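Have a look at the structure below, then the notes.
The values are calculated or read from the model by the stated rules, or taken from the named source; none is laboratory data. Predicted model only: the values in this text are computed from it and were never measured. For neighbour counting, all protein chains shown are included, and Cβ atoms are generated from backbone atoms with ideal geometry for every residue, glycine included. Protein only, heavy atoms only, side chains kept; ligands, DNA and RNA dropped before computing areas. Shrake-Rupley method; radii C 1.70, N 1.55, O 1.52, S 1.80 Å.
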Amino acid sequence: MKISVFGLGYVGAVSAGCLTAAGHEVVGVDPAAIKVDLINDGRSPVIEEGLDEFIGRAVQAGRLRATQDVYDAIRSTDLSLVCVGTPSKPNGDLDLRHVAAVSREVGEALSMKNGRHTVVIRSTVMPGTTRGLVIPLLEKASGRQAGTGFGVGNNPEFLREGTAVADFFHPPKTVIGAVDGQTSDDIAALYGDLPAPLIRTSIEVGEMVKYCDNAWHALKVTFANEIGTTCKAAGIDSHAVMDIFCKDSKLNLSSTYLKPGFAFGGSCLPKDVRALAYRARSLDLDLPVLNAILQSNERQISRGFDLITARGKRAVSFLGVSFKAGTDDLRESPILELVERLIGKGYDVRIFDKNVSLSKLVGANREFLLKSIPHVSSLLVGSLDEALCHGETIVVGTRDPAFMKIGERLRPEHFLVDLVRIEARQQLDGRYDGINW
Ligand SMILES: NC(=O)c1ccc[n+]([C@@H]2O[C@H](COP(=O)([O-])OP(=O)(O)OC[C@H]3O[C@@H](n4cnc5c(N)ncnc54)[C@H](O)[C@@H]3O)[C@@H](O)[C@H]2O)c1
């Protein structure tokens with residue numbers, strides 16, 4: 001393919017060099033004369049292992065050149081990768097000056113070009129930027145419409161400086177967001193058969209994934225550091241702890257616990273996070289990430305409360321109240337906390353949970369229900385039908401298989417608040433709200 005790369009910094013230079021190594025022809029564009037000259041001299045404008053050789057070979061073979069002339073670059077290529085910087089403003093917001101400038105410049109050049117061209121945002125931009133800023137600027141300057149007049153998509157970059165070339169050829173994933181299928185195919189063709197999962201999605205999801213990744217990586221670093229700080233103060237070898245932690249690919253380094261949903265609860269997580277935060281405090285340690293966990297969980301309960309009360313309907317039925325499906329443990333159930341807040345505000349609440357009925361409960365859980373929350377036990381109903389009959393707002397609280405298709409059982413006047421992401425959500429359009437979706 002014939003590709004123009006806008007911005008010859010880390011991302012642009014690595015993309016340009018590596019794409020030529022994969023057989024493509026590349027024209028690099030940058031307003032900085034020094035970067036353009038370096039590329040045309042066959043040298044990399046950034047230090048990355050292996051990149052100088054790729055660039056040197058490609059320039060010699062006539063497959064790579066650089067220019068400051070946007071028209072030249074657009075005229076001689078079919079697809080443009082936008083790799084310009086998106087630095088922080090003093091208030092933390094993104095400075096999109098360079099993205100806006102390139103969008104205008106590419107749009108103007110497109111107005112003088114016949115034939116199809118695809119513009120791909122590779123810079124890290126906030127969700128909504130491509131549709132809200134890039135496309136309008138491209139359309140205005142080119143006089144063409146996105147989708148029909150030119151293709152637009154995004155293709156976030158996941159390379160790490162220092163191992164960028166190796167990461168380019170062995171990425172963790174290739175993500176393509178696009179306005180149409182043809183654009184998505186054009187972007188996919190850039191990567192031939194790189195050994196990585198190719199994921200096609202919407203532009204907004206593509207934009208957000210990059211932030212999700214980076215926030216997660218940053219959280220991992222700070223989490224490990226706070227565990228390390230606690231270990232050091234307690235005289236424990238932090239690396240021994242984290243080495244064992246990392247060996248668990250079932251619960252720790254896995255997709256477990258990484259689906260948006262309701263607050264955590266149960267007899268272990270809240271208690272143990274609380275105890276760890278207390279221990280850190282008693283060791284005079286300031287650990288903001290560990291301290292924020294319970295606070296964030298608490299906010300999630302408030303979000304659930306707001307979602308239910310926003311409807312203004314007083315009769316509320318909960319389907320599932322234990323902290324997860326398949327258990328009768330009510331200790332520190334966040335849904336129970338939600339129920340208690342609603343009762344406190346005068347809501348008329350009923351609960352159906354087949355694992356939590358007084359007739360079935362034995363031992364500690366029966367005692368807990370009768371002694372600690374007797375007012376809740378009087379809200380339990382014996383069947384799903386009874387719960388549906390009572391509530392105007394139905395809240396699904398656990399992933400019990402019986403609740404996953406509950407949409408089919410709802411009456412037109414029911415409103416469903418979903419804390420677990422049930423199946424068949426779409427059919428409830430206008431009568432449905434999910435906690436985090
Ligand atoms: N550096 C990384 O490891 C990395 C990894 C993934 C994603 N990203 C993202 O990729 C983007 C680029 O990052 P970078 O580190 O390569 O930035 P950089 O600052 O190293 O390079 C940006 C380049 O864009 C050029 N530029 C500015 N305006 C231009 C214009 N109108 N036309 C053409 N070129 C122009 C600049 O002169 C500069 O050479 C950012 O959004 C960044 O967040 C960076």
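How large is ³J(HN,Hα) for each residue in the range 64-72, as worked out from phi by the Karplus curve 6.51 cos²θ - 1.76 cosθ + 1.60 (θ = phi - 60°), to whole Hz, x for Gly and Pro?
9, 8, 10, 8, 9, 9, 5, 4, 4
If you roll a 1.4 Å probe over the heavy atoms of the protein chains, what accessible area per residue do you get for the chain, in Å²?
Values: 21540 Å² over 437 residues.
Solvent-accessible surface per residue comes out at 49 Å².
How many angstrom lie between the C-alpha centres of the range 91-130 and the range 157-177?
When both Cα centres are located, 21 Å separates them.
Which FRET efficiency value, to the nearest 0.05, is calculated for His170 and Ala215 with the Förster distance at 22 angstrom and r the Cβ-Cβ distance?
0.45
Write out the trypsin sites (Lys or Arg not before Pro) in the range 251-334 meeting two conditions: DSSP loop, and at most 15 other Cβ atoms within 10 Å of their Cβ.
Of the trypsin sites (Lys or Arg not before Pro), the ones in loops of the range 251-334 whose Cβ has at most 15 other Cβ atoms within 10 Å are Arg311, Arg314.
Would you mind calculating the gained length between Ile34 and Arg279 on full extension (0.36 nm times residue separation, minus the Cα-Cα distance), in nm to one decimal?
My answer for the length gained is 82.7 nm.
Taking the mean number of other Cβ atoms within 10 Å as a proxy for protection, how do you rank 250-261, 99-110 from highest to lowest?
Final packing ranking: 99-110, 250-261.
Ignoring any ligand, DNA or RNA, what whole percent of the accessible area of the range 2-201 comes from carbon and sulfur when the probe is 1.4 angstrom?
51
Mind grabbing the accessible area of Tyr278 for me, 1.4 Å probe, Å², rounded to tens?
140
Could you give the length gained on full extension between Asn291 and Leu198, defined as 0.36 nm per residue of separation minus the Cα-Cα distance, in nm?
Working it through step by step, the gained length comes to 29.7 nm.
Which whole-number percent gives the relative contact order of the range 299-434, counting Cα pairs below 8 Å spaced six or more residues apart? Could you put the intermediate results ahead of the total?
Numbers: 219 pairs, mean separation 37.7, N = 136.
With pairs under 8 Å counted, the relative contact order is 28 percent.
Per 0.36 nm of contour for each residue apart, how much would the distance between Lys405 and Ser255 grow if the chain were fully extended, relative to their Cα-Cα spacing? Provide the component values of the computation, followed by the final result.
On the way: separation 150, 0.36 × 150 = 54.00 nm, distance 2.39 nm.
That pair, Lys405 and Ser255, stretches by 51.6 nm at full extension.
Let me have the relative contact order for the chain, percent, based on Cα pairs under 8 Å that are six or more residues apart.
Computed over the chain, the figure is 9 percent.
What 222 nm value per residue comes from the helices of the chain, counting each DSSP H run with n ≥ 4 as -39,500 (n - 2.57) and dividing by all residues, nearest 500 deg cm²/dmol?
After summing the helix terms and dividing by residue count, I get -13000 deg cm²/dmol.
Mind giving me the FRET efficiency for Trp437 and Ala234? R0 is 41 Å, r the Cβ-Cβ distance, nearest 0.05 is fine. Mind showing how you got there, number by number?
Working: r = 40 Å, r/R0 = 0.97.
For R0 = 41 Å, the calculated efficiency reads 0.55.
How high is the FRET efficiency between Ala315 and Lys140 when r is their beta carbon distance and R₀ equals 60 Å, given to the nearest 0.05?
0.70
Based on alpha-carbon atoms only, what is the radius of gyration of the chain relative to the globular estimate 2.2 N^0.38 Å?
With N residues counted in the chain, Rg over 2.2 N^0.38 Å equals 1.24.
Of the listed pairs Lys220/Lys271; Lys220/Lys259; Lys324/Lys354; Lys210/Lys259; Lys89/Lys140; Lys140/Lys210, which have alpha-carbon separations greater than 19 Å here?
Flagged as over cut-off: Lys220/Lys271; Lys89/Lys140; Lys140/Lys210.
Charges at C-beta only: +1 for Lys and Arg, -1 for Asp and Glu. How large is the resulting dipole of the range 2-201 about its Cα centre, in Debye rounded to 20?
With only Lys, Arg, Asp and Glu charged at Cβ, the dipole is about 480 debye.
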